[in-house]
Amino acid sequence: MDILLSGSVAYDYLMTFPGHFHEQILPERLKNISLSFLVDSMTRQRGGIAPNIAYTLALLGEKPRLFATVGEDFGEYRAWLEQHGIDTTWAKVIPGKFTASFFATTDKVNAQIASFYPGAMADAALLSLHDLDRRPDLVVISPTAPDAMRKHAAECRALGIPYLFDPSQQVLRLEGAELAEDMNGARFLFCNDYEFGLISKKTGLALQDMLKMVEVIVITKGAEGAVIYADGQEVVVPVVPEERIVDPTGVGDAFRGGFLAAYARGWDWRLCGQVGSLAAVYVLEQNGTQNHYYTRQQFVERFRRNYDDGGKLDELLRD
Ligand SMILES: Nc1ncnc2c1ncn2[C@@H]1O[C@H](COP(=O)(O)OP(=O)(O)OP(=O)(O)O)[C@@H](O)[C@H]1O
Ligand SMILES: [Mg+2]
């Protein structure tokens, strides 16, 4: 299945300060605050929603395509993604700009001071689905520049391409009417339970109203698992117990990647949710959003210790 992913692409620069921010802040001098923290570690992690989802899809044997704008500093990241089986032809470089970058410094008690520079991501709406040479089977619309999300959803409707609407973090930036418009006609709506509450409040729509607008609604609930509403049914998917919790960032993205890898093979909703849940738990057990790794053999073995696939997952081992 040809899955095209519209969403942010970013580098995360993560630093740690071996002290307490609050001890360095003088409340009476807040107006001209001027601080520089000598940090003792820095890593640059590959991030962004579109490559996060793509990475899991690729681990499970799909060949997803990125559809995003990136900066001149993307070369190394592109090579790494290509090496892992992701098609980056449509990761377009914006001359003179950096890839979106998140700079965060965390102190000893996990207090954080951060900045997000959108860089090339701000130009995502320059891309148009009309320019594709090959029509995808499914477009995933994940958080990126809000104007691009709106444009790509409208293009999917105009071109009759099925799409998955994943507003996540950008629920905050989109108006109720905008959310309702882009939800209407989508094949899937994915969100976590907090975002579901916000969407419902902003649009004034209850679950039953939304199910008249979207074919499938998937709500993830962290450690409580996920629920899938489809074909008039409600499928509850329990989590896979984690071996350790290191860093929850990116679990939602991996869930989507796993779910879609199963959907691409035509598996039933329960299996889609279970594959998503297992894909998610691997991210929880590592730092970063693309630092985990498993072979399909390892994935299937762990799956079978938690769920029953009736032999279906053998397919993952064949190609
Ligand atoms: N503690 C946990 N143990 C096992 N699985 C988990 C845990 N937390 C999350 N998951 C899995 O990940 C899925 C998505 O989690 P969650 O609902 O927290 O996503 P999210 O809020 O969108 O996360 P993020 O935006 O940080 O990626 C859950 O449905 C579940 O399958
Ligand atoms: Mg999320």
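Just so you know, all these numbers are worked out from the coordinates, no wet-lab data involved. As the structure is a prediction and not an experimental result, all values here were calculated from the model. Cβ coordinates were reconstructed from backbone atoms using ideal geometry, including for glycine residues, and neighbour counts include every protein chain displayed.
Which residue, of GLN290, GLN298, is polar (S, T, N, Q), away from ligand 2 (no atom under 16 Å from the Cβ) and closer than 26 Å to ARG46 by Cα?
It is GLN298.
Give me a count of the residues in region 213-236 that are of a type in the set (A, V, I, L, M, F, W, C), farther than 11 Å from PHE190 by Cα and within 16 Å of ligand 2 (Cβ to nearest atom).
Of the residues in region 213-236, 1 are of a type in the set (A, V, I, L, M, F, W, C), farther than 11 Å from PHE190 by Cα and within 16 Å of ligand 2 (Cβ to nearest atom).
Looking for whichever is within 15 Å of ALA50 (Cα to Cα) and surrounded by fewer than 19 Cβ atoms within 10 Å (Cβ to Cβ) here; the options are THR99, THR89. Which one fits?
THR89
Please state which one of ILE33, ILE94, ILE49, ILE25 is buried (at least 19 other Cβ atoms within 10 Å of the Cβ) and more than 18 Å from LEU126 (Cβ to Cβ).
Answer to the check: ILE49.
If we only count helices (runs of 4 or more DSSP H) wholly inside region 267-319, which ones have 2 or more residues that are among the β-branched types (Val, Ile, Thr) and crowded, with 19+ Cβ neighbours inside 10 Å? Give the steps one after another, and end with the answer.
Working: elements: 269-284, 296-306, 314-318.
Once the helices (runs of 4 or more DSSP H) in region 267-319 are filtered for at least 2 residues that are among the β-branched types (Val, Ile, Thr) and crowded, with 19+ Cβ neighbours inside 10 Å, what remains is 269-284.
Quickly run through region 138-160 and pick out the residues that are hydroxyl-bearing (Ser, Thr, Tyr) and either in contact with a Leu (Cβ under 9 Å, 6 or more places away or on another chain) or assigned to a helix (DSSP H, G or I) (or both).
SER142
If ARG173 meets every condition in (1) within 16 Å of ligand 1 (Cβ to nearest atom); (2) under 16 Å from the mean Cα position of the chain (by Cα); (3) under 19 Å from GLY7 (Cα atoms) apart from one, which number is that one?
The number of the failed condition is (2).
Within region 58-76, restricting attention to residues that are closer than 26 Å to ASP319 by Cα and out of contact with any Gly (no Cβ under 7 Å at 6 or more places or on another chain), which residue is surrounded by the fewest Cβ atoms within 10 Å (Cβ to Cβ)?
So, considering only residues that are closer than 26 Å to ASP319 by Cα and out of contact with any Gly (no Cβ under 7 Å at 6 or more places or on another chain), the one surrounded by the fewest Cβ atoms within 10 Å (Cβ to Cβ) is GLY61.
Assuming TYR194 fulfils every condition listed in (1) within 22 Å of HIS152 (Cβ to Cβ); (2) within 17 Å of the chain's Cα centre (by Cα) apart from one, which condition is it?
(1)
Could you run through region 77-96 and say how many residues are among the aliphatic types (A, V, I, L, M) and touching a Gly at 6+ places or on another chain (Cβ under 9 Å)?
Number of matching residues: 2.
Taking region 229-254 only, how many residues are within 22 Å of VAL214 (Cα to Cα) and among the charged types (D, E, K, R)?
3
Of (1) outside any helix (DSSP H, G or I); (2) farther than 25 Å from ASP308 by Cβ; (3) of a type in the set (A, V, I, L, M); (4) under 17 Å from the mean Cα position of the chain (by Cα), ILE219 satisfies all except one. Which?
(2)
Which of the residues that make up region 238-265 are away from ligand 2 (no atom under 16 Å from the Cβ), among the aliphatic types (A, V, I, L, M) and not in a loop (DSSP other than H, G, I, E, B)?
The answer is ALA261, ALA262, ALA264.
Among the residues of region 238-297, which ones are under 20 Å from PRO51 (Cβ atoms), within 6 Å of ligand 1 (Cβ to nearest atom) and aliphatic (A, V, I, L, M)?
Scanning region 238-297 gives VAL251, ALA280, VAL281, LEU284.
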